[in-house]
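The values are calculated or read from the model by the stated rules, or taken from the named source; none is laboratory data. These numbers were taken from a predicted model, which means no experiment stands behind them. Cβ coordinates were reconstructed from backbone atoms using ideal geometry, including for glycine residues, and neighbour counts include every protein chain displayed. Ligands, DNA and RNA are excluded from the accessible area calculation, which covers all protein heavy atoms including side chains. Shrake-Rupley method; radii C 1.70, N 1.55, O 1.52, S 1.80 Å.
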Amino acid sequence: MEIEVQQRLVHNIYKIMRDRKLTQVAVAGYMGTTPSQFSRILKGEVKLQLEHIANLAIGLSMREIDIFTYPDKYVRSNDIQEPFEAILQLKLQKETKEQVLKLVFGDNNIEIFNK
C-alpha cells in the first residue's frame, strides 16, 4: 500500500478505536497481530497489511471498504433503498385476536384494544 493510503487507514483505525472505545490490545487482537506490532503499525514503522484490515473488519462486523472510508460508509447507488411503510391488516376471530394481542402487547394492554 502507498504511504498516503497507509496513513489514511491508520488515521481511520484511530477514529474507530476512539468511537468504539477500543484499546490497542483489543484492536491488535482483532487484526491478528501483537500489541507491540500494532503499536509499530500506528507509528508507521511497519506496513499495514490487507490481511490486518480483513481481520479487523471481521472482528468489528464491518466491511473492509468501510474501514477505508470511515466514518463514512461506502454504499453503491443501487444499494440505496427508500424507507417504506407497510401496514399489516389481519382478520381474526375474537378468540384468536385476543391471543395475538396478548402475545404482542402482553396481558395489560388487551383491555385497551377490546374497547
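Side notes on the structure shown:
- Of residues in segment 30-68 being in a loop (DSSP other than H, G, I, E, B) and small (Gly, Ala, Ser), the one farthest from Glu4 (Cα to Cα): Ser61
- Scanning segment 6-34 for residues being on the phi < 0 side of the Ramachandran plot, touching a residue at least 12 places away in the same chain (Cβ under 8 Å) and either hydroxyl-bearing (Ser, Thr, Tyr) or open to solvent by less than 90 Å² (accessible area, probe 1.4 Å) (or both) gives a total of 15.
- In segment 35-55, of all residues being within 20 Å of the chain's Cα centre (by Cα) and surrounded by 16 or more Cβ atoms within 10 Å (Cβ to Cβ), the one that is nearest to Thr69 (Cα to Cα) corresponds to Ile53.
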